[in-house]
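Since the structure comes first, as structure tokens, the remarks are kept for the end.
The values are calculated or read from the model by the stated rules, or taken from the named source; none is laboratory data. None of the values given here were measured: they were computed from a predicted structure. Reconstructed Cβ throughout: ideal geometry from the backbone, glycine too, with neighbour counts over all protein chains shown. Accessible surface areas use protein heavy atoms only, side chains included; no ligands, DNA or RNA. Shrake-Rupley method; radii C 1.70, N 1.55, O 1.52, S 1.80 Å.
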Amino acid sequence: AKSDGRNGIAFFESEMQAQVERRLTLERDLAAAMAANELQMHVQAQVDRNARVIGGELLMRWPQADGGMVPPNVFIPVAEESGLIVELGAWALRQACEAVLRLQAAGLAMPLSVNVSPTQFRQHDFVEQVQRVLADTGAPARLLVLEVTEGLLIDKMDDTIARMHQLTEMGLRFSIDDFGTGYSSMAYLKKMPLYELKIDRSFVMDTPEDASSKALVQSILAMAGHLGLRVVAEGVETQAQADFLIAHDCSSMQGYLYARPVPLPALIQRLQGGTAV
Ligand code: C2E
Ligand code: CA
Ligand code: CA
Ligand code: CA
């Protein structure tokens, strides 16, 4: 009501104030957690049409003292805005290299994907950072897949593409994450050195029941096939979804139907012991 106007504004302002404070606290706690080496990387298996594990995606975890976890959907955007993502991303890359080596040492060499945020990718020395971590760890570049989003394309597309070529020449591979959710034009698909597309969970979720989701997923799969790109479907939760994806030649699946994100030793144990995670 009109008479509530002033109170409404006061409430709005104090609510905004509280939000800003929550954000600053989160930012400070995240920086502290990073410095105290409290962040972890989990890995979620990716499987082929026969449910064999053929790779995995590294996903960051921030455990809390009370046993809970702050979800990455909450802290990654904060890290993006505060610039902390640069440090976090460098750490993630190193973790990925070490995970690749640990799998290799266990006789389970397979490619691992790591998420690279646009801010991280745009660091002037990103290529050198990657070079350095590969040299430091001795991890083979060909087992690293960098997941980038269409958000990278918003500006300086030519620089982005040039940089992707440099990294590709070093042996790394690129995957477009959350494909179809971010950008209005697909022209970039023919300019970029890509290895893979990841179909976003929001499309996979409603297959095979929803006709338009089905049509979208089928079109992405057909297009990727014509372009010679691999496709990973993310968020596969039901056998019906898997059956539909497999019937349309999806290269690989990632989702709770097959495996949840787990610490690397748990994945290694599963692969060596044949037990389900
Ligand atoms: P994403 O890259 O799209 O990762 C897939 C998300 O879907 C993960 O959420 C994963 O746990 C979840 N997921 C996988 N299978 C299923 C399923 O069957 N059902 C459902 N409901 N969810 C499933 P998570 O781990 O919470 O990560 C959320 C987002 O945070 C990621 O989305 C990614 O954008 C970001 N993120 C995570 N780790 C990193 C990182 O190291 N660096 C950067 N820059 N971003 C990260
Ligand atoms: Ca991803
Ligand atoms: Ca994704
Ligand atoms: Ca997604």
- [ ] Quick one: count up the residues across region 235-244 that are within 15 Å of ligand 3 (Cβ to nearest atom) and either among the aliphatic types (A, V, I, L, M) or buried (at least 22 other Cβ atoms within 10 Å of the Cβ) (or both).
- [x] 1
Open item on the list: Regarding region 217-240, can at least one residue be identified that is among the basic types (Lys, Arg) and within 16 Å of ligand 2 (Cβ to nearest atom)?
Closed with: yes
Task: Selection from region 177-209 of residues that are more than 15 Å from ligand 1 (Cβ to nearest atom) and either in contact with a Cys (Cβ under 7 Å, 6 or more places away or on another chain) or open to solvent by less than 60 Å² (accessible area, probe 1.4 Å) (or both) - done: Ser185, Ala187, Tyr188, Leu189, Met192, Pro193, Leu194, Tyr195, Pro208
Open item on the list: For Ala51, only one of the following conditions fails: (1) outside any loop (DSSP other than H, G, I, E, B); (2) touching a residue at least 40 places away in the same chain (Cβ under 8 Å); (3) open to solvent by less than 80 Å² (accessible area, probe 1.4 Å). What is its number?
Closed with: (1)
Task: Those residues of region 41-77 which are touching an Asp or Glu at 6+ places or on another chain (Cβ under 8 Å) and either at pLDDT below 95 or within 14 Å of ligand 2 (Cβ to nearest atom) (or both), in sequence order - done: Val43, Gln44, Gln46, Glu57
Task: Test for Met34: is it hydrophobic (A, V, I, L, M, F, W, C), in contact with an Asp or Glu (Cβ under 8 Å, 6 or more places away or on another chain) and outside any strand (DSSP E or B) - done: yes
- [ ] State whether the residues of region 160-170 include one that is on the phi > 0 side of the Ramachandran plot and modelled with pLDDT of 85 or more.
- [x] no
Open item on the list: Looking at (1) over 26 Å from Ala233 (Cβ atoms); (2) touching a helix residue (DSSP H, G or I) at 6+ places or on another chain (Cβ under 7 Å); (3) assigned to a helix (DSSP H, G or I); (4) open to solvent by less than 30 Å² (accessible area, probe 1.4 Å), which one does Leu93 not meet, given that it meets all the others?
Closed with: (1)
